[in-house]
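Working notes, beginning with the structure itself.
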2 protein chains.
Amino acid sequence: MLTELSSFKFIITTFLLVSIGNVAFAQNPSSKVKFWNPQQSDVSYIEGQGWLGEMVGNYNRLPLKMKGVVGERLWQLSQNSAGLKIRFKTNAQEIIVRYVVNQEFDMPHMPATGVSGLDLYAKTAKGEWLWAAGKFHFNDTITYKFQHILTKEYDSKELEYQLYLPLYNTVSWMEIGVQESAFFQPLTPRQHFPIVIYGTSIAQGACASRPGLAWTNILERKLGMPVLNLGFSGNGKLEKPLLNLMSEIDASLYVLDCLPNLTKIPKDELEELIYNAVVSLKKQHPETAVLLTAHGGYTEENLSDIRKLEYENANKALDAAFKRLKKNKINQIYMLSKNELGQGIETMVDGIHPNDLGMMLYAEGYFQKINKILSKR
Amino acid sequence: MLTELSSFKFIITTFLLVSIGNVAFAQNPSSKVKFWNPQQSDVSYIEGQGWLGEMVGNYNRLPLKMKGVVGERLWQLSQNSAGLKIRFKTNAQEIIVRYVVNQEFDMPHMPATGVSGLDLYAKTAKGEWLWAAGKFHFNDTITYKFQHILTKEYDSKELEYQLYLPLYNTVSWMEIGVQESAFFQPLTPRQHFPIVIYGTSIAQGACASRPGLAWTNILERKLGMPVLNLGFSGNGKLEKPLLNLMSEIDASLYVLDCLPNLTKIPKDELEELIYNAVVSLKKQHPETAVLLTAHGGYTEENLSDIRKLEYENANKALDAAFKRLKKNKINQIYMLSKNELGQGIETMVDGIHPNDLGMMLYAEGYFQKINKILSKR
């Protein structure tokens, strides 16, 4: 068995496979770095995927059975690795990640580091988060080199890492390398029931400057529990097939954050859509909490009545649906208001998509609310 | 006199020049939009430039006399329009800006909207800031369309606008257009003594997602007074020619924020450099306050002792220089500490350059300090 090298541009003459536990390493003798390819393991090491048995060997977000069931654009976006991460323990002082993506590196309002980049966080035994700065090179094969890791304090200990994958690109191949002498142990996904988030481009991660700063990923670190990212740019329209699919997951909490892409729907129709979405989830999971998120607003709203009216209509529909759900005694329903999302004129890049300041405020709003919801249970 | 159209790709058949006051408009009859080119006015309408008499007709930051005096790279960066803005009053509901830049639109860690984009803020009569969302298209000619402006509250009144220019690109040609029927009046630069900021890439604006979010520009809005941006990527090394040039400006305050590019200099040598820089400014302007800014730190520092040591050396040199200045009774010297800059693991895109969250914290730290300094006077 040889590592897939077709799209790999480094010059490597010999590969040797060594096995540590069930993890196969490809060794690169010239640079004394051993590489591990998560796709070649016999179990999945990708966290943030649902439907695990159906997803082995890919960095996608929806199982194959959804192809043709959801629209083509949503299917394509589901191949983006938003919210996915790889967890491992190592004492390495240098970690190299090389990988291939199949779409444009960036967007006009979101840099390559966010669209196609990686983010590496470490957690100490005390639960303190640390962050690793990687030197990045965007080429046919993208590389991130995390160097000079380890302080006196953490030296010779094994840190627990989370490597966040690209928010708006599709990873076709990836290898993680450490020095030959270093300890390296990938960690399987945590089994805790996840928070399942169904949303739009904002939930997918537009426009964070790096993957760790997408609000779903900040939230995941703040809560210390798995989050499932079902945010789809230009989509996230409370579609029946997606709601049915979400129902297959035993969640700690379902989040419906779809209003930013539902502003064109008449108020009564939208109220009905929201109401039915919640009822559909509650049918399968009557005891699981559902959080309904308001439209966060357009940050040019004080300069444009038209824009203000656009989202206010959606938030009124949400209010009406929420009241009707309460009235009909559907339990464990919560709402996150526009105010709680805390956006202002400096928090968006284009009036709609949060920048890193907006993402932090989004995450903070969600964190406060979800903490309350989960502590009540 | 005809508008320069060589690099202009829109199809426009006829141009008609009308004069309102000393402002010449190029009229585009087909779309009923009148365009104004700030470079064709008989006075300068560019705010954020020093040496005004020497800068008419360009969007640069240094006068021609500095070419060959400063290094070639610094000279090139001085042609970038970081910190420059155009102020005007209008009651237009649509504002179109079209312009040409001569470098790459983006960087891997900074989107086109920040490197080459525009940002438009409005201020109400009450002093409240509003923000306008522009639809952008990055082509040979870049366009921003700000539409659906005006609310009931501001309708028919004239708002005062600030249009921030690109942070990391050089503007060679620009036109601002409004509907033919709209009132439009450009405003000449404010005459208040500016805050003059000499710094590195962080001061130039890397890596804000849009120009208005560079910390110098946030600070300018918070303080309501002009700021002169002399931040130069990879440069900003307390060079003698730059210090002499700064001395030509009657400033409210001089800021020296150069440490991020001086970490390789031995501590004693750096202390001497900082000390001499302040003495040189004070010689010409004994009563003008000087603010010395510490290195903001590398946000991977808790995972890397080596990186921590790198900047700590620079901050120790600053401390020593600051003490020596105080000891030698040089008045009106202030320091902005690393703590006051408030950076953490979520505030940088690459460990060095602030994202929008980091920029806001930078601006807040500066605002608090400068407010104190100026209120003492």
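The values are calculated or read from the model by the stated rules, or taken from the named source; none is laboratory data. Since we're looking at a predicted model, the values are computed, not measured. In this analysis, Cβ positions are derived from the backbone assuming ideal geometry, glycine residues included, and neighbour counts consider all displayed protein chains. Note: accessible area is taken over every heavy atom of the protein model, side chains too, but ligands, DNA and RNA are not part of it. Shrake-Rupley method; radii C 1.70, N 1.55, O 1.52, S 1.80 Å.
Observations
- Condition met for A:K369 (open to solvent by 30 Å² or more (accessible area, probe 1.4 Å), touching a residue at least 60 places away in the same chain (Cβ under 8 Å) and more than 13 Å from every other protein chain (Cβ to nearest Cβ)): yes
- The single condition from (1) surrounded by 17 or more Cβ atoms within 10 Å (Cβ to Cβ); (2) in contact (Cβ under 8 Å) with a residue 24 or more places away in the chain; (3) under 30 Å from B:M110 (Cβ atoms) that B:G344 fails is (1).
- For segment A:105-138, the tally of residues that are away from chain B (no Cβ under 11 Å) and touching a residue at least 40 places away in the same chain (Cβ under 8 Å) stands at 2.
- Any hit, segment B:178-193, residues being under 24 Å from B:F138 (Cα atoms) and open to solvent by less than 10 Å² (accessible area, probe 1.4 Å): yes
- Filter result for A:L165 (open to solvent by less than 10 Å² (accessible area, probe 1.4 Å) and in contact (Cβ under 8 Å) with a residue 40 or more places away in the chain): yes
- Qualifying residue in segment A:324-341 (condition: surrounded by fewer than 21 Cβ atoms within 10 Å (Cβ to Cβ) and closer than 24 Å to B:Q147 by Cβ): yes
- Of all residues making up segment B:347-366, the number that are within 15 Å of B:L259 (Cβ to Cβ), in a loop (DSSP other than H, G, I, E, B) and open to solvent by less than 40 Å² (accessible area, probe 1.4 Å): 1
- Within segment A:100-154, the set of residues being hydroxyl-bearing (S, T, Y) and either more than 30 Å from B:S116 (Cα to Cα) or surrounded by 24 or more Cβ atoms within 10 Å (Cβ to Cβ) (or both) comprises A:T113, A:S116, A:Y121, A:T124, A:T151, A:Y154.
- Selection of segment A:220-245 for residues being buried (at least 23 other Cβ atoms within 10 Å of the Cβ) and of a type in the set (A, V, I, L, M, F, W, C) yields A:V227, A:L228, A:L230, A:F232, A:L242.
- Note on segment A:51-69: among residues that are modelled with pLDDT of 95 or more and outside any helix (DSSP H, G or I), the one that is most open to solvent (accessible area, probe 1.4 Å) is A:K67.
- Any chance A:N229 is under 12 Å from the mean Cα position of the chain (by Cα) and either within 14 Å of chain B (Cβ to nearest Cβ) or without any contact (Cβ under 8 Å) to a residue 24 or more places away in the chain (or both): no
- Unique match (being hydrophobic (A, V, I, L, M, F, W, C) and away from chain A (no Cβ under 14 Å)) among B:L303, B:L309, B:L325: B:L325
- Filter result (of a type in the set (G, A, S), outside any strand (DSSP E or B) and open to solvent by less than 10 Å² (accessible area, probe 1.4 Å)) within segment B:256-293: B:A277
- Which numbered condition A:Y144 misses (of (1) in contact with a His (Cβ under 9 Å, 6 or more places away or on another chain); (2) within 22 Å of A:L228 (Cβ to Cβ); (3) of a type in the set (F, W, Y)): (2)
- Qualifying residue in segment B:309-328 (condition: in contact (Cβ under 8 Å) with a residue 24 or more places away in the chain and not in a helix (DSSP H, G or I)): no
- Segment A:328-366, residues that are aliphatic (A, V, I, L, M) and within 13 Å of chain B (Cβ to nearest Cβ): A:I345, A:M348, A:V349, A:I352, A:L357, A:M359, A:M360, A:L361, A:A363
- Of all residues in segment A:274-301 being of a type in the set (S, T, Y) and touching a strand residue (DSSP E or B) at 6+ places or on another chain (Cβ under 9 Å), the one that is farthest from A:G358 (Cα to Cα): A:T288
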